[in-house]
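Worksheet: one structure, shown below.
What follows is calculated from the coordinates using simple rules that are stated; it is not laboratory data. The model shown is predicted, which means the values in this text are computed figures rather than measured ones.
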Amino acid sequence: MGIRIRALACLVVVASLSACEPTQGVDAANMQESVLPATESSKDFGEYVVYFNALKTDQLTPDIAREYGIVRSKSRAMLNVSIHRKLAGGQTEAVSGAVSASALNLSGQLSTMTLREIREDTAIYYVGELAIADGEVLIYTIDVTPSNDPSRFTLRFKKQFFVDE
């Protein structure tokens with residue numbers, strides 16, 4: 001019985017610590033500095049800019065959701081990522097690449113997201129969905145490798161969702 005109580009106490013401590021900061025192979029002391037606030041929607045990586053956003057899927061119009069096979073719901077979130085290469089004159093162009101993402105909530109639950117590529121004229125998006133709870137704060141980790149480039153970029157951002165709004 002005492003062993004079970006100690007094991008449970010250890011699990012509570014580990015869950016509490018992981019709820020403070022995600023530790024996916026990253027120095028936890030530096031994690032908070034590397035998490036972008038929800039107000040950010042892009043990150044510059046020199047030759048590339050990665051654009052990203054997360055929103056509840058009920059914010060999509062029914063036509064858009066249907067066209068891209070996205071379930072509209074106030075309890076589902078969609079992540080949208082786009083990679084752009086910088087061009088001369090301050091312009092950018094969308095490029096394809098390998099994009100992976102995960103979301104960690106403050107309880108330490110990690111959800112790996114499956115992203116699919118969507119092409120629309122010259123735009124290229126990587127989109128994935130997951131279930132959310134009211135008031136849930138997610139810390140997204142996005143890894144991007146542009147096609148034909150060995151560079152790998154990682155960004156993190158935080159977003160809180162309110163289901164009952």
Practice prompt. Output ³J(HN,Hα) for the stretch 125-131: one whole-Hz value per residue in order, computed from phi by the Karplus curve 6.51 cos²θ - 1.76 cosθ + 1.60 with θ = phi - 60°, and x for Gly and Pro.
Written response: 10, 10, 10, x, 10, 7, 6
Item to complete: Excluding residues fewer than 8 places away in the same chain, name every one of the lysines whose C-alpha is closer than 22 Å to that of Lys158.
Response: Lys43, Lys56, Lys74
Response to the item:
The set of residues whose placed amide H lies less than 5 Å from the amide H of Ser42, leaving out same-chain residues fewer than 5 positions away, is Phe52
Fill in: Calculated from backbone phi, Karplus (6.51, -1.76, 1.60) coupling profile of the stretch 82-94 in Hz, x at Gly/Pro
9, 9, 10, 8, 6, 10, 5, x, x, 7, 9, 10, 5
Discussion item. Using each residue's phi in the stretch 112-123, evaluate 6.51 cos²θ - 1.76 cosθ + 1.60 at θ = phi - 60° and report the 3J(HN,Hα) Karplus result to the nearest Hz, with x for Gly and Pro.
Written reply: 7, 9, 9, 9, 10, 7, 10, 10, 9, 6, 9, 8
Worksheet, complete the sentence: The set of residues whose placed amide H lies less than 5 Å from the amide H of Leu106, leaving out same-chain residues fewer than 5 positions away, is Val137
